[in-house]
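Below is one structure, written out as structure tokens; the observations come after it.
The values are calculated or read from the model by the stated rules, or taken from the named source; none is laboratory data. Because the structure is a prediction, the values reported are computed rather than measured. Cβ coordinates were reconstructed from backbone atoms using ideal geometry, including for glycine residues, and neighbour counts include every protein chain displayed. Quick note on the areas: whole protein, heavy atoms, side chains included, nothing else; ligands and nucleic acids left out. Shrake-Rupley method; radii C 1.70, N 1.55, O 1.52, S 1.80 Å.
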Amino acid sequence: MELRHLRYFVAVAEEGHITRAAERLGIQQPPLSKQIGALERELDVRLLRRTARGVELTDAGRALLEHARAMLALSHQAVETTRRTARGEQGQISLGVAPTGPFHPFVPRVIRAFRDAWPLVSLTLEESFTNDLVERIRGEKIDVAFLRTPVHDPAGLAINHLLDEPMVVALPAAHALAGTDDGEAPIPLKALSGETFVVFGRRFGPGLYDATVKACRAAGFDPRLGQEAPRITSTLGFVAAGLGIALVPASMRRVSMDGVVYRGFAGPLQPTAVLNLASRRADPSAVVRRFVDLVKRSAKAFADNPSA
């Protein structure tokens, strides 16, 4: 029994007439009658009986009609699922995000945009340190990751630079530089030369650590490194406790913590933190390709108009 036999049978059953069913199917009446007869011989049952107005179902025909419709619907669903998967409109994708990633407005925004555009794609999200995320991509544990640091060994990976984000300094609320006249005035980076810096641990992801050291050296001094924090939120907690100051991405201003004040920088020295997207090079998944393309296009639009 082939699917076409079921399609022919359902058309005849629904039309109640061989000729009308043939017109609906776009075939001639004699071949259709022959196919219905072949189906009855294969099943060794009578499916239809002729009437003055056409044909009607036997009890066996009514039993087959229910299952034939279900089988045809399942076949159609399988074809559509296969096509949507091939187009990257259905399937699954696993995303990784570095600890400061969720605070950047672009990251949750583009994930929402992807879910809205392709709701049939199952998306899972996990947060981990940059080095772990890179290894999980290579090990095919996750598909794509938002990273806040350059990848020094990109073998086997496709690294797309998305955005450069300004950095700000997080100060204890009682710090002398926190109490400027208007409460928001930027400060020169060189004014931090005598401070102790709380740093996000380099072994967890070198991006913020390296950006801090690079910025300070560009301002003419080597930073005095103090407490090392395992998480960006821990970094702010150490600042609030008065253990030092910290350079953090500007999006961390969204984190309102008692005892912490944020200040931007005055002058030409404006340290930045990167936002990159990593995936496996030449990943065959259409879903992954669709996600990467959307993120790259959206990053360009975000850079032009962050508030859009």
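The residues in the range 201-245 that are more than 20 Å from GLN270 (Cβ to Cβ), at pLDDT below 90 and of a type in the set (Phe, Trp, Tyr) can be counted, and the count is 1. Under the condition of being among the polar types (S, T, N, Q) and in contact with a Pro (Cβ under 9 Å, 6 or more places away or on another chain), the residues counted in the range 116-167 number 4. With respect to the conditions (1) within 30 Å of ARG281 (Cα to Cα); (2) in contact with a helix residue (DSSP H, G or I) (Cβ under 7 Å, 6 or more places away or on another chain), ILE245 lacks only one, and its number is (1).
Does the range 300-307 contain at least one residue that is open to solvent by 30 Å² or more (accessible area, probe 1.4 Å) and hydrophobic (A, V, I, L, M, F, W, C)? Within the range 300-307, one or more residues are open to solvent by 30 Å² or more (accessible area, probe 1.4 Å) and hydrophobic (A, V, I, L, M, F, W, C). For the range 109-126, the condition holds for at least one residue, the condition being that it is closer than 22 Å to ASN276 by Cβ, of a type in the set (Asp, Glu) and open to solvent by 30 Å² or more (accessible area, probe 1.4 Å).
Residues in the range 239-274 that are open to solvent by less than 10 Å² (accessible area, probe 1.4 Å), in a helix (DSSP H, G or I) and more than 14 Å from PHE103 (Cβ to Cβ): VAL239 alone. Checked against (1) in a loop (DSSP other than H, G, I, E, B); (2) closer than 19 Å to GLY101 by Cβ; (3) not hydrophobic (A, V, I, L, M, F, W, C), LYS296 meets all criteria but (1).
Here VAL198 meets each of (1) out of contact with any Pro (no Cβ under 6 Å at 6 or more places or on another chain); (2) under 17 Å from VAL274 (Cα atoms); (3) at pLDDT 90 or above; (4) among the hydrophobic types (A, V, I, L, M, F, W, C) with one exception, condition (2).
Conditions tested, residue by residue: (1) touching a Gly at 6+ places or on another chain (Cβ under 6 Å); (2) within 30 Å of SER298 (Cα to Cα); (3) not β-branched (Val, Ile, Thr).
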residue	(1), (2), (3)
VAL45	no, no, no
GLU66	no, no, yes
ARG84	no, yes, yes
PRO99	no, yes, yes
PHE103	no, yes, yes
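Note on the range 113-132: among residues that are over 20 Å from ARG290 (Cα atoms) and not polar (S, T, N, Q), the one that is modelled with the lowest pLDDT is PHE129. The residue pairs whose first member lies in the range 281-308 and is closer than 16 Å to PRO119 by Cα, whose second member is open to solvent by 70 Å² or more (accessible area, probe 1.4 Å), and whose beta carbons are closer than 9 Å, counting only pairs six or more residues apart or on different chains, are ALA286/ALA86; ALA286/ARG87; VAL287/GLN92; ARG290/ARG87. Restricting the first member to the range 53-74 and to residues that are within 15 Å of GLY16 (Cα to Cα), and the second to residues that are part of a helix (DSSP H, G or I) and hydroxyl-bearing (Ser, Thr, Tyr), the beta-carbon pairs closer than 9 Å and six or more apart or on different chains are GLY54/THR19. Candidates LEU162, LEU236, LEU208: the one that is assigned to a helix (DSSP H, G or I), under 18 Å from PHE146 (Cα atoms) and either touching a residue at least 60 places away in the same chain (Cβ under 8 Å) or aromatic (Phe, Trp, Tyr) (or both) is LEU208.
Among the residues of the range 275-293, the one identified as touching an Asp or Glu at 6+ places or on another chain (Cβ under 7 Å) and closer than 21 Å to PHE103 by Cβ is LEU275. How many residues are open to solvent by 20 Å² or more (accessible area, probe 1.4 Å) and either in contact with a Gly (Cβ under 6 Å, 6 or more places away or on another chain) or among the hydroxyl-bearing types (Ser, Thr, Tyr) (or both) if we restrict to the range 212-226? Summing the residues that are open to solvent by 20 Å² or more (accessible area, probe 1.4 Å) and either in contact with a Gly (Cβ under 6 Å, 6 or more places away or on another chain) or among the hydroxyl-bearing types (Ser, Thr, Tyr) (or both) in the range 212-226 gives 1.
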